[in-house]
Every structure is written in structure tokens, then in C-alpha cells.
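The values are calculated or read from the model by the stated rules, or taken from the named source; none is laboratory data. This structure is a prediction, so every number in the text was calculated from the model and none was measured. Virtual Cβ from ideal backbone geometry, glycine too; neighbours counted across all protein chains shown.
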Protein chains: 2
Amino acid sequence: MVTRYLKLITLEEARTLIRTSFPHKISHTRVPIEESVGRITAGPIFSKYSVPGVHLSAMDGIAVRSADTRNASEQHPVVPGDARRVNTGNVVPAPYDTVIMIEDVTIDGDRFIIRKAAPPWQHIRPAGEDIAESEMILPSMHQIRPHEIGALAAYGVTDIDVVSLRVGLIPTGSELVFHGTHPAPGQVVESNTVMAAAWLETLGVTCTRYPITPDNPDKIRQMIKRGTTENDLVIISAGSSAGTRDFTADIIRESGVLLAHGVAMKPGKPIIIGKVDGTPVIGMPGYPLSALTVIREIIIPFLSNFGITTPPKETLNARLTTSLHSEVGTDEFVLLSTGKIGQQYVATPQSRGAGVQMSAVRANAYLRIPRNLEGYEAGSEVPVTLMVTRALADSALLITGSHDPAIDYLTDMLQKRHVEVHSTHTGSMGGLLALMKGDCHAAPMHLLCDSGDYNTCFLKKYLPGENLVILTVAGREQGIVSKDGITIDDLVGRQFINRQKGSGTRILLDYELKKRMIDPASIPGYHREVTTHIAVALAVKTGEADAGMCVFSAAKTLGLRFVPVGNERYEIVTRKEHLSDPRVAALFETVVSPEFTATLQRLGGYDTTETGHRRSLP
Amino acid sequence: MVTRYLKLITLEEARTLIRTSFPHKISHTRVPIEESVGRITAGPIFSKYSVPGVHLSAMDGIAVRSADTRNASEQHPVVPGDARRVNTGNVVPAPYDTVIMIEDVTIDGDRFIIRKAAPPWQHIRPAGEDIAESEMILPSMHQIRPHEIGALAAYGVTDIDVVSLRVGLIPTGSELVFHGTHPAPGQVVESNTVMAAAWLETLGVTCTRYPITPDNPDKIRQMIKRGTTENDLVIISAGSSAGTRDFTADIIRESGVLLAHGVAMKPGKPIIIGKVDGTPVIGMPGYPLSALTVIREIIIPFLSNFGITTPPKETLNARLTTSLHSEVGTDEFVLLSTGKIGQQYVATPQSRGAGVQMSAVRANAYLRIPRNLEGYEAGSEVPVTLMVTRALADSALLITGSHDPAIDYLTDMLQKRHVEVHSTHTGSMGGLLALMKGDCHAAPMHLLCDSGDYNTCFLKKYLPGENLVILTVAGREQGIVSKDGITIDDLVGRQFINRQKGSGTRILLDYELKKRMIDPASIPGYHREVTTHIAVALAVKTGEADAGMCVFSAAKTLGLRFVPVGNERYEIVTRKEHLSDPRVAALFETVVSPEFTATLQRLGGYDTTETGHRRSLP
């Protein structure tokens, strides 16, 4: 059984198709008001009684008949024939129709003397002042805000009908294991239905995650039947491509109607839209970011058919830091880290691999490249959609350059100060260029100058005359990571894993090799590049390489041996003008904090003698 | 025991006092990842293993050793000595180090023939491409987004430590009854702790609502002891004023430390800040809007001491439609309905009564009048804080003028079309003036002209030459509501409840009284005014008045008798330029819909013959 994609349709066509192929159908469920925050009302809600139910005194004083006070004045004090002492909130019963503040009453034994006429209804909270019996408290389709729960309780409403929706989530794939199981090589943790359920439940959807169904057409068919019987909408995870084990489209075609297979969007192309027993069935691709895109772009908009709507997301214009090329005819979504540098937002793309789920964790925004464009050039203003509040996006500190595990710990410490670090690992030279172009707030780097100094010669060359501040993070040991204690002199003929060109580690390695007159060509794998210390150590751990160069902490974390090659100066550079930016200020304060020094010492491999030292250029 | 306020302190002083009087103290609790959306991480979260754990094929093809393909070309096809068929996602084990797409392979029996050299690591997803073992997934103090649950699951994380906080809520007051109980006269439904719990729980706080404690110092003292033992923070509802039954401040002073009593803000002045057994205790006033303000302005900011932070709210500038005067020295918060008319936001204040909880239900924004100002004049630009998303505020349709129960049903029907109606009940003349000043999108009115026509003579006089569109909602019966069938001719000497001056109902009444030569002075209560039909009917129902004039539906809703006086034309007027506004367009479409006509007929008392009829001026 081999499936072919139907003709690809556009994203807009897919949204229209799914919206118009199924009737609007709103179900509801009754929940106690305490559990209704964020839910959507299924019908209008009316007050059970008037509040207040009777007239209440709004002051401490006496309740009297207004008519009895008519002639009172300073010259002619009056003792109302009938009066009653009331406190704030007490009932003012008939025949009383006004309240006089206690301060304006002279008490003489059990007589009250007044010196001013009181108009009717003075200092009285009339029955129904807040709400009258049967008045509408909330209309239909209103998303309930927390403070409204108090009003509902006060007006006699104990439980309400809210919009409900049952979604069945069917994970398929013989390679899948439940999360919490350590996957064996070739196994994949089933996380897409976990993510989908977590997301949909925030919208008030009731999700059922069915057992993992292997790539077996009969079993998938049975599970779809069960799902469509028990739910208003069924989402099948994976099996939606056009490969040899992708049965879903054919099963839907046989069991019901296959409306579409394949949408011209990326990630997320292999989506299936179908109908089985009248129930919508959506096939969601297996790559995590494809699944995420299908949920966001197709499934959530479709939920409005069931009465569940989400407000439009916030957008802003940002300057793109790198060019993005995209296939004409396909709508592509690119995850971004965006932040404000000076008065302008800049946006740096995350990895575009659909399997790199961390991209979505790191991103705070995304960009849609419309299908009629070939992409965007670096430097162009692009419309960015936020995945966080604008306030949170405004807290982003953009760090681009050399990676060190210490940056992760700085991220952690800065988050406590409400600064959200977005770091992009480009190596030291990448950081230098980003700083030059104004694409980041700060750039970590460790570029060895011929003089033996670090960074200054490069900064003078690439950013001549600029006012820069250099903050020393630490002296840092670089060395050879291996399972068996390989030294730099042993590298010839051993399988190596290298860092990318422009990284400080690569420059240091080349410097040390040259010093020892070792020809890089004699080191197999010298041309295989990864971009972080931990990726180097991991390659050694998995046996892909015998050795690599990285910092001590990366080797230590993965339990590998480490032979030092040399000490270097790992520093963070920023423009002087950014020091007044509270995010950059927080970064600098954190680096000089004793807590950070303690963290470096705990990690090991750092010389903290000069941590927090500050230099200026020029 | 009589309490006095301590010296009032300012809002900023109160915030500083409470923040600095207690140490930062972050507790945490372990939750399954599925329950962690929206919670705040209590520490950094690391990946349990690398993803992928081993190298995987990124294509359907064959895995080979790159070295075995070195000499392959079109002229010199090569059969790699060792090759293995792989599908996308399959493991690429050592010694293979590259993958060739199946399209580029000629299969000859069990031999694979290739015609191009394959560089190492082509079409391979390397181990750790997504994340390496021990890498940080999320930092501390990060609020978890739904899609991150998928990443956590994929990286082997099943449960995490999130920030937790236990808050005890103690309702006090002998007049209180639990919600769900119909309050007897003088009883009040306890809704403030219900509201506080609903609100705080959205922030991940665990709330305990204690039983209602009567106004008995010993019982309150015991309950505070219990609350401070069992919680990180205690909130006492009511009893925080300086009245004869307000014991809370004295009890806190005796049991611990009374840090402040009374904050110069409105609503919310009678707040208490104290400490008992080291635990913060906050006394929250009993009026619902006072309680709401204290939660929003004092308690939620204080939660950052416990690691719970909320992003800043969105603000915008809006033109104030009415003047607001405020006491110098007091920060006042005024609830608003704000919406966009043309390109400008306008804001109309809600009722400022602290007991009118519906104001907070109706409001979508609020204004802080700083203590150094005497208020704001109508027409001034004021900084408004949104209580909803900006998108939702942008969906607001501002309707000002005459009230009719039909408006509530229009509100309900428009909400289904994502238009949020904010209606202000000012009477017909108020609507006319609001339309004139550009303070609303549309104004409902029923102003009887001498000619017998409705509205046009007033519109021509007040908005001369303006392009207006008048939409007929319905012909509407007005009549005398009573318990015993009173007619307009019976009113002399009967207790009456009137509508406010400028309301169409009042104009119609005066017209009918004049026609009958009845002197208003002969009708007791003629000067007692309320602003809605239902308020008139309620006054009759409670016995406050014998009769009033209102529409049929209001009398029917409260089960009262109704004697028709006359038919009138209830219309909605807008400026022609607003017709292209999607919100106004939706209003017009809804009024002409058969569903709306059916609603009017069900309510009764309407002549729908001309419903949806449209007229233009000039």
C-alpha cells in the first residue's frame, strides 16, 4: 500500500476546507463556577436575585421617614416620630425611606434630634443597585475572567454551562514509546499528543490520549473508529506522510472521506484532513515542529467551529538578522528569537529543522514567509508574530557568539531578574559580526590575538573607534576530550570532531596545532564541525569521534576525560551605550555576583580570578 | 473595642512596606509535566539524554561509509562494499557515516550502485542535534508554555519542580452566607474569597478557603492562628474597616505586628498589613470592588516575594468621555469601558460604587487617578490599563443611550460574532449627546417629537447636517407596571418610581400626563429616579413604589402587571461613516436577522413590523 499526496492545497484553502466541511456544533458542559475561569460561556447567564435584595443603609446612622424631617433646621430641631438606629449594610425597612449619618444626629436618651431635612433615599443603597433579578450578567461566548467568579457567586450562580469539546488523540508509530521510558536507539518518545493535549486543555478542551498504535492498518482503522465514536474531533499523530508506513490517508479514504492530503506549508506539509462517520479527523505529521505548526495554524483556528476561539496574537515589525530563503508556493513558518535593541526589534531565526524541538522552546516569535516570496533578505523589516506577551519579548536579552555552559547558568540567574536570555551559538567571530551589525546586545567571545591578548585586536579591527566594554567572564581551560585521555599530541590518525570555523575554540586548536607543527590534514574528522562544547563531548561519548576540543565542564558533564591544552580569556563584549539598558546592566551585575563565581567554581575548569573585570575600548 | 486607622500610607509605601517586611521565600512542589502549563519553574530543567540518542537517517536511502564512495562518478559507478537500506528515522550505526538518497541509488539484485561520492554525515540527523544530554531545557522562573510540554516529554522529563504558594483565605462577618444560599434580607453572599481563590489559582497558588468566621474576636483570633500555621500568606476578608465590628486590626496587633492599617487608595482604603508568627496577614475590605483592587494592586505584586510574577498589563491612551473628580492625596482606580472609535480609543467610566460588582464585569480597563491630581476633565487623554487583551478591547462596540432589555440580547448575539458590546445606560438624551461628542459608536433612543415622529427632530437639532443612519429596533409598548393593574389615570396619590430626566420613557410619561392634565406634583415619588426599566419594575416588586412606567418585558420578567400607555419607536442611531466599521456592521446585521425578531417576539411587548427598517439623515 503506497500513498500519494493529493494535490497540495494552500494553507488558506486548507483552513476554508476544514471550516466549511463541518457544521458549527457547540457542545456544553456544566461546571461549578470555581472551575470556570478561562472557559467560554455556552449561553447567557442571568442573576438569580437582586443585589442588594432590599434597601440597605450606606452609612452608620438612623433610618427615618423623609417626610418626618421636612421642617427640620438649625433653628427648629426635630425629633422624628419613628426612627431606627442602623449600621452600614443594615436593612432599611419600610416605611423608612432615608438615612441620616450618625454624625448629624444628637442623641438625647432614646430620642434622636436632627437639624436638617433629609431628602428621600439619602445614604441608601437601593435594592438592585448592583444588579436586578433576571438581568444578564454575562452573554454567551464570553471567556470568563477570574474576578467575574465573585460576581457570579454574589448573584446566586453556582454552576454554569460552558463550551466543551472532546478531542481524541491517537499516537501511531511502531517506533514510539511512552514518555518516561528511556528510548532505545531508534525508538522515539511519543511527545506530540502530550504537547497537543497540554495545549488544547488550556483552551478548555477535554482530551483523550489513546494508546500508541503500531504501524498496522487494521489496528489504526479500529482506533480511528473508536476515536470518532468517542469524540467531536480526532487527531492522529504521525503516519501522515507519503512513505511506505504511512497508512493513515488510505484508511481515512476507505473509512470515510479524504478531503485533503498535503498542505503547501513548512513545517507541517504532510497534514491529512478527513471525515469518518461525520467526525473530523486530522492527521498531524510526526516531526515535533511540524505537529506544532499544524496545531497552531490549522487545528486551533478550526476550533472556532466548536465555539472555542482564541484572540489574535500580537505582532510587531522586526529587522531580520540573517537571510531566509524559502520555496515559492509554500508558506513557511520560521521560529525566531526577537528582542529590542535600542528602539528597534531584531529577530534571529532558530534552527529550521522540523526535528529540533528546542527551537520552539528557545523561540519567542515566529515569521510566516508567504508562498509568493522567495524569502527575506538580512536586514529587511519583517512582520513577526509573538509567542509570548510583548512585555516578555521586551525583556529579551540577545546574546550572540561563543557558547559556554556558563551562559546557560547566566540565563538561569537572569531569568530570576526577569531578563529572558536568548542566546545564539555562532562562535566568537559570529558574535563579533553580530555586534558589528547591531544584531545582539552582547557577544561572548574568546579570540586569541597574535599578541597573546584576547579579543581586543579583533574588536579594534572589526569595530574600529567604537565605544565598547569588555567584561571578563572567566579564564577558561580548553582541552582534549576523550574516553581514554588522548592529548593534543596524540591526535594524528585519531577520529576528531571539530568546532566550526570562526569559533574561538577552533582558532585556539589551530594555534596549538601550528605551534606543534601538526598538519590538520593528518587528523581524520578535522572537517566535521559542530557548534557547541557539549556537542563535541557528545560525539566522543557516542563513539562517533575519538577526541575533540572543548571546555572542562562539557567533558565533566558527560563523564569523559579531559586533558588541558591551554587557558583562555572568555569575555562578553557590548557597546558602551547598552550599559544603561536594564537587561545589559542585569547581565553585568550577574557576572560580578558572588553567586555566579560560586557557580563557575562548582562547574570546574574556570579561573575566576578576573571574573567581573571590566575593560573599555578604545 | 474600637479601632482607629493608623496613619494612612500611600499605595507605593504599602507595596514597599509589604515587599521589604518579609523575606523572599520560594517554595516548590513537584507536578507531572502534563499539569505544569502556566506554572513557573522552581529550578533549571536539564535533558535526561541526547535527542536523537544516536545518528539517524534523515532520508529513505542507503547508509554507507563515505570513504567507500570516494571515487564514484557517472563514468565510474561504484558498489560500496558495505551498505545498508535505511528509512527516514532509522539508526545509522557505525561504521556507516553517510546516507545516500534512494533516488540516487541503482538497485541491482542485492547490490547498490552509486554514481556520486557522498561526503561524510550527509542526510544524517546527528546524535544530539535537538539537544545533548545534560543541556538546560528551561531556566528557573520560567512560565511554562503549552508547546514546551512536548519538549519536556521528548527529553525524558516526566515531572518538574514548580513554584508553589499556599494562601489561606478567611472570610469574616456575621452577615455572610456561603454562595449557593439565597441570602435573607440583610445577609450577604460571601463572594470575595471565592473571587480571590479563582484569581490566585490562575497564578498557580494553592488556596484554602476557611469557614465563615462570625464577628467574634476570639474566633477570628483562632482562625488567624490556624491560617498562619497552615499557609505562606493569609488573607482575611472584611472586618478591616474602622467600625464597631472591625476587630481584625486589633487582633493582628495583639497576636503579632500591625504594619499598616489604611492605604490612601480608593476603592480599597481599609486594608490591613500585618505579620503573625512570621507569616504575612493581609486584611482585605468587604466591598467587592475594594477587595478586587486590593488583590490587583497589593496582593498580586507581593506574590513576587514568593517567586510568582505576572507580566505588566497592556496600557493605551484613551479620551475620557466624562469628567472624573478625585480626592487629592488618594490614588483612585476607576473601572472603564474602552473601545476604539475611528482611530481613537475612548473610555467611559463605570459606576464608582464599591458595592457595584457588575462594574468590574462590564469593564475592560481601568484608570488610576494619581493622588496628586484632582481628577481628569472630560475630553482629556488618559493612560488606561487593559483588563483584557488589546484585541478584545479592539472588538468593543460602544453603545450609549436608552436602555431596553433587547440590548442585552443583542449583546449576547453579537458576542457570538466576536463583537463585545459595552452599553452605558444614560437615557435617550444622553445617547444623543454621546453621539454628538463622538463618545459612542451607536446610540439607542426613543425621543418623541411634537410631530409624533421619533428621534428625527432631536437629531436635526443636536446634530444638524450630520450624515446619520437610523435603524428601527422595534415598536415598543410602554405602560404602567404595578402589582394591582394601576393605569396611568390612577397615578395621583400613588407612590411612583420614575425614570431619569432625558430618558425617552420620562418624556413619554410627561407627554401622556400633560395630555391627561395630570399634575406631576400630585404623584408622590415622581422625583425618585432610576435608570433602567428593570430597576423600575424591581422598585414595584419590592414594594418601594406602587407603580412606574417601563416596557412590557421588564414587567413580565418580574411577574408584575402591565397596563399599556402607548407604542413608541425604539431606534439605534449611528453616524453613516461608522457603517463600514465591522462592529457597527455586525450590529446592523444582527438587528435585521430573523433570530433577533424571534427573540423580540418571545420577550413580548414589541411590534416587529418595522424591525430592521433603515432611515437616513439628512
Being in contact with a helix residue (DSSP H, G or I) (Cβ under 9 Å, 6 or more places away or on another chain), in a strand (DSSP E or B) and either more than 21 Å from A:Lys48 (Cα to Cα) or free of Cβ contacts under 8 Å to residues at least 40 places away in the same chain (or both) is true for just one of B:Glu512, B:Glu595, B:Glu568. Which residue is that? B:Glu568
Can you run down the residue pairs with Cβ atoms below 6 Å, 6 or more apart or on separate chains, where the first is in the stretch B:275-302 and more than 14 Å from every other protein chain (Cβ to nearest Cβ) and the partner is in a helix (DSSP H, G or I) and surrounded by fewer than 21 Cβ atoms within 10 Å (Cβ to Cβ)? B:Val276/B:Ser255
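Identify all residues within the stretch A:79-114 that are part of a strand (DSSP E or B) and among the small types (Gly, Ala, Ser); write none if there are none.
Passing the criteria: only A:Ala83.
Determine if the stretch B:561-580 includes at least one residue that is within 14 Å of another protein chain (Cβ to nearest Cβ) and either crowded, with 23+ Cβ neighbours inside 10 Å or not charged (D, E, K, R) (or both).
no
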Is there a residue in the stretch B:115-124 that is touching a Leu at 6+ places or on another chain (Cβ under 6 Å), under 22 Å from A:Glu529 (Cβ atoms) and not in a strand (DSSP E or B)? no
Among the residues of the stretch A:533-558, the number that are at the interface with chain B (Cβ under 10 Å from one of its Cβ atoms), farther than 12 Å from A:Leu603 by Cα, assigned to a helix (DSSP H, G or I) and touching a helix residue (DSSP H, G or I) at 6+ places or on another chain (Cβ under 9 Å) is 6
Quick check, is A:Ala586 over 29 Å from A:Tyr462 (Cβ atoms), touching a residue at least 40 places away in the same chain (Cβ under 8 Å) and either surrounded by 18 or more Cβ atoms within 10 Å (Cβ to Cβ) or within 14 Å of chain B (Cβ to nearest Cβ) (or both)? no
Would a scan of the stretch A:108-125 turn up a residue that is touching a Pro at 6+ places or on another chain (Cβ under 8 Å) and facing another protein chain (nearest Cβ under 9 Å)? yes
Select from the stretch B:600-618 the residues that are out of contact with any Asp or Glu (no Cβ under 9 Å at 6 or more places or on another chain) and of a type in the set (D, E, K, R) and write down the one among them that is nearest to B:Ala474 (Cα to Cα). B:Glu610
Failed item in (1) more than 60 Å from the chain's Cα centre (by Cα); (2) not in a strand (DSSP E or B), with B:Met59 passing the rest: (1)
Among residues belonging to the stretch B:457-489 that are free of Cβ contacts under 8 Å to residues at least 24 places away in the same chain and in a helix (DSSP H, G or I), point out the one that is farthest from B:Leu600 (Cα to Cα). B:Lys461
Of (1) closer than 22 Å to B:Leu603 by Cβ; (2) surrounded by fewer than 20 Cβ atoms within 10 Å (Cβ to Cβ); (3) within 14 Å of chain A (Cβ to nearest Cβ), B:His527 fails just (1)
Search the stretch A:48-72 for residues that are within 30 Å of B:Ser191 (Cα to Cα) and pair each with any residue that is among the basic types (Lys, Arg) and surrounded by fewer than 18 Cβ atoms within 10 Å (Cβ to Cβ) when their beta-carbon atoms are under 6 Å apart and the residues are at least 6 apart or on different chains. A:Ile62/A:Arg85; A:Ala63/A:Arg84
Only one of (1) aliphatic (A, V, I, L, M); (2) under 27 Å from A:Thr456 (Cβ atoms); (3) within 14 Å of chain B (Cβ to nearest Cβ) is not met by A:Val591, so which one is it? (3)
Go through B:Met136, B:Met101 for me and flag whichever is within 7 Å of chain A (Cβ to nearest Cβ), modelled with pLDDT of 90 or more and closer than 30 Å to A:Ser351 by Cα. B:Met136
When residues of the stretch B:530-551 are limited to those that are closer than 12 Å to B:Gln495 by Cβ and not acidic (Asp, Glu), the one surrounded by the fewest Cβ atoms within 10 Å (Cβ to Cβ): B:Gly543
Quick test for you: out of A:Gln187, A:Gln222, pick the one residue that is away from chain B (no Cβ under 11 Å) and either over 30 Å from B:Arg362 (Cβ atoms) or free of Cβ contacts under 8 Å to residues at least 60 places away in the same chain (or both). A:Gln222
Just give me the residues in the stretch B:547-591 being touching a Ser or Thr at 6+ places or on another chain (Cβ under 6 Å), of a type outside the set (S, T, N, Q) and more than 18 Å from B:Ser503 (Cα to Cα), in sequence order. B:Arg561, B:Val563, B:Val584
Which fully enclosed helices (runs of 4 or more DSSP H) of the stretch B:353-453 have 2 or more residues being within 12 Å of another protein chain (Cβ to nearest Cβ)? B:358-362, B:390-394, B:405-415
Scanning the stretch B:192-209 for residues that are hydroxyl-bearing (Ser, Thr, Tyr) and either surrounded by fewer than 20 Cβ atoms within 10 Å (Cβ to Cβ) or free of Cβ contacts under 8 Å to residues at least 12 places away in the same chain (or both) gives B:Thr202, B:Thr206, B:Thr208
Lone unmet requirement of (1) closer than 23 Å to A:Val356 by Cβ; (2) more than 8 Å from chain A (Cβ to nearest Cβ); (3) of a type in the set (A, V, I, L, M) for B:Ile131: (2)
So B:Pro44, is it more than 14 Å from every other protein chain (Cβ to nearest Cβ) and not polar (S, T, N, Q): no
Does A:Val177 qualify as being within 28 Å of the chain's Cα centre (by Cα), crowded, with 21+ Cβ neighbours inside 10 Å and more than 30 Å from B:Ile300 (Cα to Cα)? no
Given (1) buried (at least 18 other Cβ atoms within 10 Å of the Cβ); (2) within 30 Å of A:Asp232 (Cβ to Cβ), where does A:Ser47 come up short, assuming only one miss? (2)
Counting just the residues of the stretch B:255-280 that are touching a Phe, Trp or Tyr at 6+ places or on another chain (Cβ under 6 Å) and part of a strand (DSSP E or B), which one comes out farthest from B:Ser359 (Cα to Cα)? B:Pro280
For the stretch A:598-607, how many residues meet the condition of being surrounded by 17 or more Cβ atoms within 10 Å (Cβ to Cβ) and outside any strand (DSSP E or B)? 4
Filtering the stretch B:62-78 down to residues that are assigned to a loop (DSSP other than H, G, I, E, B) and surrounded by 15 or more Cβ atoms within 10 Å (Cβ to Cβ) yields B:Arg65, B:Ala72
